[in-house]
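Nothing in this text is a laboratory measurement; each read-out follows from the coordinates by a stated rule. Because the structure is predicted, anything quoted here is derived from the model rather than measured. Using ideal geometry, Cβ is built from the backbone for each residue, glycine included, and neighbour counts are taken over all protein chains shown.
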Amino acid sequence: MSYTLISIIILLIILAIFIFINFDYSSKYKKTDKDLYYEALDQLLIGKLKESYSTLRALIKNDTNNVKAYLKLGQVLREIGKPEKALKVHKNLLIRKDLNNYEKIELLKNISQDYRHLNKIDEAITQSLDIIKLDKHNEWALNELVELYKLVNDWNSSKKYLQIFQKISGELDSRVLGLYVAKQGQIELKKGNFSNSRILFEEALNMSNDLAVCYKLIADSYSIESEIMYHKSEEGDVESFLDDAKDLLSKALKMWVKYAQHKPNQSREVLHLIKDALFTLDRYSEFEFILKDLIERDSRNFDALIDLADYYSSQGENQKSISLLDSIKDVAKDSILAQMVRLKLKMNLSNETSESIKKEFNNLADQMSKTSSLSSSNLEDEDYLWLRNNDSQDK
């Protein structure tokens, strides 16, 4: 055998080995449909959307009847920012007559999500409701309806499906349900439907005694309505509208006091409103009794104690004011409000402003520049915070 022939044989062997090693036996077109589907799922899970899309296209090319592949293909399109194309893929499946119940539900889920991504919330709701028709206990659809109805400010319907979900899961929470009712009440209040809003706030309060925030919401509704009546009194029948305004403000006052009684840590939110209302109603002398009552209920209500000290100072009862401020000097040492009242008192007692008072005032000004609150308590009402955080969805 010639040297040339041997060289050719060796080269062919090397080439065969190279081809054998590098030949892609895992090529998409050599894999089973099942292998391709699970590969696409893995790619989807780790965020390789383009690869998942290509794999699903290959799978559909092999099997045009693979419903699961079409569902996932639409999902990938939606996740790469093409919800219109996703919807088209999914809606094409609706004409199929051979879908089983599971496939119908999965299809409706995807169409609902497609519509949601397209900001067509009413259509998304319709698809989720269709799922409930097929499976009234479908937890995905129930949770989706809770969120979708929030987006269109229909908190009554949102609460309805949340309640159904809670019953199914066995985790009833009347406080959370009450918050949904209160949120609907806020929407009514923004529309100027004062009576309707108060009915809803009272309903929420009846659902959970813990929702003291409803006292403040009821008070706010009376206060806003009172303001409207006051402005009307300037335009027409003065006595009639003015009496109505005072009556409504009196009702607001009562509810603000109730809120402060139930939420001592948040009393700062309403104490200034109580004070202003008493001034307007010519009942300022009652402020002392209201503050004393709050302190009796919670001796650590420093906001009420500080306001009482300020009240005594304004009435010229300086010794009472000093005694109160001294009693909380250590526990409320970080309260800028307490320091302001103390400084105000010193200035009232002094005929001329001394250097020490100037220094104290300057120190106070420095502290004020470093804080966003004058209150001795920086705690927020968690329920009020929840309602406020959901304001972004209001229309």
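Mind ranking 211-219, 141-149, 275-283 by how tightly packed they are, going by the mean number of other C-beta atoms within 10 angstrom, highest first? Provide the component values of the computation, followed by the final result.
Details: 211-219: 24.9, 141-149: 21.8, 275-283: 15.2.
Peptide ranking by packing, descending: 211-219, 141-149, 275-283.
Could you give the length gained by full extension between S54 and L118, i.e. 0.36 nm per residue of separation minus their alpha carbon distance, to one decimal place? Intermediate values should be presented prior to the final figure.
Details: separation 64, 0.36 × 64 = 23.04 nm, distance 2.39 nm.
Gain on stretching S54 to L118: 20.6 nm.
What residues of the stretch 184-213 lie in the reach of a label at S240, counting those whose backbone N is under 14 Å from a point 7 Å from the Cα along Cα→Cβ?
Zone members listed by number: none at all.
Using Cβ counts within 10 Å as a stand-in for footprinting exposure, how do I111, I60 rank, fewest first?
Numbers: I111 24, I60 18.
Placing the least packed residue first, the sequence is I60, I111.
What percent does the relative contact order of the stretch 126-254 come to when contacts are Cα pairs within less than 8 Å and at least six residues apart? All intermediate terms of the calculation are to be shown ahead of the outcome.
On the way: 149 pairs, mean separation 19.3, N = 129.
The value is 15 percent.
If I model a spin label at K292 and L12 as a point 7 Å from the Cα along the Cα→Cβ vector, what separation in nanometres do I get?
Using points 7 Å along Cα→Cβ, the separation is 11.5 nm.
Based on other C-beta atoms within 10 Å, arrange D383, D293 from fewest to most. Before the final figure, lay out the partial values.
On the way: D383 24, D293 13.
Least to most surrounded, the residues fall as D293, D383.
Over the stretch 68-117, what is the relative contact order in percent, taking alpha-carbon pairs closer than 8 angstrom and at least six residues apart? Mind showing how you got there, number by number?
Details: 40 pairs, mean separation 21.4, N = 50.
Reported as a whole number, the value is 43 percent.
Given the peptides 169-176, 298-305, 88-95, arrange them by the average over their residues of other C-beta atoms within 10 Å, most packed first.
Numbers: 169-176: 11.8, 298-305: 20.9, 88-95: 15.2.
Per-residue mean Cβ counts within 10 Å order the peptides as 298-305, 88-95, 169-176.
Only Cα pairs under 8 Å and at least 6 apart count here; give the relative contact order of the stretch 225-283 as a rounded whole percent. Provide the component values of the computation, followed by the final result.
Numbers: 44 pairs, mean separation 16.0, N = 59.
Across the stretch 225-283, relative contact order equals 27 percent.
Stretched out fully, how many nm does the piece from N101 to T4 gain, at 0.36 nm a residue minus the Cα gap? Could the numbers behind the result be given before it?
Details: separation 97, 0.36 × 97 = 34.92 nm, distance 6.96 nm.
Taking 0.36 nm per residue and subtracting the Cα distance, the gain is 28.0 nm.
Using a Förster radius of 35 Å, what is the FRET efficiency between D247 and D210 based on their Cβ-Cβ separation? Nearest 0.05, please. The partial results should precede the final answer.
Details: r = 29 Å, r/R0 = 0.84.
Once rounded, the FRET efficiency stands at 0.75.
Among W155, W386, rank each residue by its count of other Cβ atoms within 10 Å, from fewest to most, as a rough exposure measure.
Details: W155 24, W386 14.
Ranking W155, W386 by Cβ neighbours within 10 Å, fewest first, gives W386, W155.
Quick one: check the C-alpha center-to-center distance for the stretch 75-151 versus the stretch 179-222, whole angstrom.
33
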